[in-house]
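The values are calculated or read from the model by the stated rules, or taken from the named source; none is laboratory data. This structure is a prediction, so every number in the text was calculated from the model and none was measured. Please note: Cβ atoms are built from the backbone with ideal geometry, for glycine as well, and neighbour counts cover all protein chains shown.
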Amino acid sequence: MRLIERTDAQVAEHGFRKVLVANRGEIAIRVFRACYDLELHTVAMYSNEDINALFRTKADEAYLIGENKSPLGAYLDIPGIIDLAKRRQVDAIHPGYGFLSENAEFARACEENGIQFIGPSSRVLAQMGDKLAAKATAVACGVPTIPGSKEPLKDGDEALERAISYGFPIILKAAAGGGGRGMRRCDTPEEVKPAFDLVRSEAKKAFGSEDIFIEKYLVEPKHIEVQILADQYGSVMHLGERDCSLQRRYQKVVEYAPAWSVSEQVRRRLHEDAVKVARHVGYVNAGTVEFLVDKQGNHYFIEMNPRIQVEHTVTEMVTGVDLVRAQILIAEGAPLSHPYIGLRTQDDLHVNGFAIQCRVTTEDPVNNFAPDTGKITAYRSGGGYGVRLDGGNAYTGAAISPYYDSLLVKVTSWDNTFEGACRRATRAIREEHVRGVKTNIPFVTNILTHPAFHAGACHTKFIDETPELFE
Ligand code: ADP
């Protein structure tokens with residue numbers, strides 16, 4: 001039984017009464033928590049496979065969806081989700097990350113059915129969902145991009161011709177790609193045509209679009225991204241940046257804020273350019289502008305992610321702003337100056353200390369990060385001062401299914417100094433005990449204790465080039 005619920009008067013003043021989360025696992029729980037803090041009634045939806053999942057018990061109401069769909073299909077069932085939202089008189093839908101979070105068609109379906117999509121408009125989603133269109137936007141606002149084709153490539157021959165003109169290495173990318181998929185690096189002319197065919201078939205299958213483009217491949221850059229918040233009244237502000245260079249197969253493993261190993265001057269430029277891009281497209285809500293930064297400190301826009309990101313926790317820990325709560329407030333029509341956001345001007349942003357997030361997954365790094373499945377026979381979590389856990393899939397008896405993301409728990413540490421945050425992250429990670437399924441805990445510990453990590457020297461190829469992390 002809930003103790004708190006918005007009254008009619010509060011609904012009239014603030015906007016929403018009921019929020020549906022069209023997602024699962026840790027991000028669903030994260031959103032329910034923010035809703036609770038705003039006295040909002042919560043609705044969960046779950047697939048057949050998730051009938052015993054923890055997240056559904058964290059909402060006020062929970063409904064089975066996509067009974068006849070695949071495990072993934074259930075969370076992608078736009079008509080089914082809209083129908084549920086209407087039947088349960090939901091005011092707004094939070095899409096989380098992954099699944100339908102960047103789907104313009106879903107946002108449009110919400111708009112057309114009088115349901116507030118907690119994110120940017122379908123128009124902006126359509127524009128940012130295509131990496132080539134997003135790059136063109138950056139170019140239009142004078143933000144640097146990586147040299148590459150401006151239009152989709154016609155065929156493998158054109159890819160090869162352009163690769164030779166840019167010089168190797170190059171990277172082929174699916175315009176609609178995401179999650180580290182639909183990308184292939186080529187170091188020699190012989191690799192280009194087969195890679196083009198591979199990326200094209202992968203892109204068609206995974207993203208429903210065959211548009212491929214080519215870019216110069218930057219050697220050992222850092223991935224630095226800027227968190228943006230924008231309200232409905234034209235206020236666009238940044239909340240600092242995150243270093244997400246620790247990646248395996250183009251996917252992030254450990255992230256931290258601020259990106260202290262990049263100069264103040266470069267970071268300032270990133271902030272300015274991120275705000276420029278967001279402002280240019282009329283962005284509303286939370287978003288992230290991603291850049292690669294080379295050794296000389298040159299920065300290049302790569303894409304904009306129009307949703308909450310997995311690694312948003314580190315920004316929250318150093319800025320004190322609850323980003324998910326801010327997303328909901330903005331969707332309700334609150335300005336960035338709202339006391340819960342507290343950004344009347346950009347000068348109101350204060351970055352305090354350092355935060356590190358580690359993604360604990362049920363993957364075996366030694367076995368090429370193959371996901372492990374089965375039952376968790378014992379689970380003990382880390383904790384203590386300066387440690388935050390965002391989980392939902394990890395508890396004794398939990399079944400880890402092969403159908404979904406292998407993220408088990410996000411361990412985020414904070415301290416006044418980066419060294420202190422490293423120590424706390426290491427301590428908390430070592431306190432995590434998971435039996436029954438393999439995890440990447442030893443691997444993450446090796447990253448956290450590596451001298452290059454402490455020196456801020458890690459670039460996007462660090463994991464691939466550091467075999468001792470796998471020992
Ligand atoms: P996704 O949308 O799948 O996340 P991104 O475009 O954001 O893909 O790129 C993910 C990662 O791929 C980057 O953080 C970086 O490590 C690598 N990457 C992308 N483009 C390039 C490039 N031109 N040169 C070098 N690395 C790149």
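Details
- Flag: Y340 matches the condition of being part of a loop (DSSP other than H, G, I, E, B), more than 19 Å from the chain's Cα centre (by Cα), surrounded by fewer than 23 Cβ atoms within 10 Å (Cβ to Cβ) and more than 16 Å from the ligand (Cβ to nearest atom).
- For region 398-414, the condition holds for at least one residue, the condition being that it is crowded, with 16+ Cβ neighbours inside 10 Å, in a loop (DSSP other than H, G, I, E, B), within 16 Å of the ligand (Cβ to nearest atom) and in contact (Cβ under 8 Å) with a residue 40 or more places away in the chain.
- Summed over region 186-197, residues that are within 15 Å of the ligand (Cβ to nearest atom) and loosely packed, with under 14 Cβ neighbours inside 10 Å total 1.
- Residues located in region 52-87, provided they are more than 17 Å from F106 (Cβ to Cβ), in contact (Cβ under 8 Å) with a residue 12 or more places away in the chain and over 25 Å from the mean Cα position of the chain (by Cα): N52, D60, E61, Y63, L64, E67
- Look at (1) more than 15 Å from the ligand (Cβ to nearest atom); (2) buried (at least 16 other Cβ atoms within 10 Å of the Cβ); (3) not aromatic (F, W, Y) and you find that Q265 fails only one, number (2).
- Qualifying positions in region 439-460 - in a loop (DSSP other than H, G, I, E, B) and either exposed (fewer than 15 other Cβ atoms within 10 Å of the Cβ) or in contact with a helix residue (DSSP H, G or I) (Cβ under 8 Å, 6 or more places away or on another chain) (or both): N440, T449, H450, A455, G456, A457, C458
- Any hit, region 204-224, residues being of a type in the set (A, V, I, L, M, F, W, C), at pLDDT 95 or above, in a helix (DSSP H, G or I) and farther than 30 Å from V262 by Cα: no
- Any hit, region 308-318, residues being more than 28 Å from L20 (Cα to Cα) and in contact with a strand residue (DSSP E or B) (Cβ under 9 Å, 6 or more places away or on another chain): yes
- Region 330-349: number of residues that are of a type in the set (A, V, I, L, M, F, W, C), in contact with a Gly (Cβ under 9 Å, 6 or more places away or on another chain) and closer than 22 Å to H94 by Cα: 3
- Search result, residues across region 139-172 that are part of a helix (DSSP H, G or I) and over 15 Å from V219 (Cα atoms): V139, A140, G156, D157, E158, A159, L160, E161, R162, A163, I164, S165
- The condition of being of a type in the set (S, T, N, Q), over 23 Å from C141 (Cα atoms) and at pLDDT 95 or above holds for only one of N285, N305, N298, N352, that being N352.
- Taken together, E290, E241 contain a single residue that is touching a residue at least 12 places away in the same chain (Cβ under 8 Å), surrounded by fewer than 23 Cβ atoms within 10 Å (Cβ to Cβ), within 16 Å of the ligand (Cβ to nearest atom) and within 14 Å of the chain's Cα centre (by Cα), which is E290.
- Boolean, L153 is farther than 27 Å from G287 by Cβ, away from the ligand (no atom under 13 Å from the Cβ), touching a residue at least 24 places away in the same chain (Cβ under 8 Å) and surrounded by 19 or more Cβ atoms within 10 Å (Cβ to Cβ): yes
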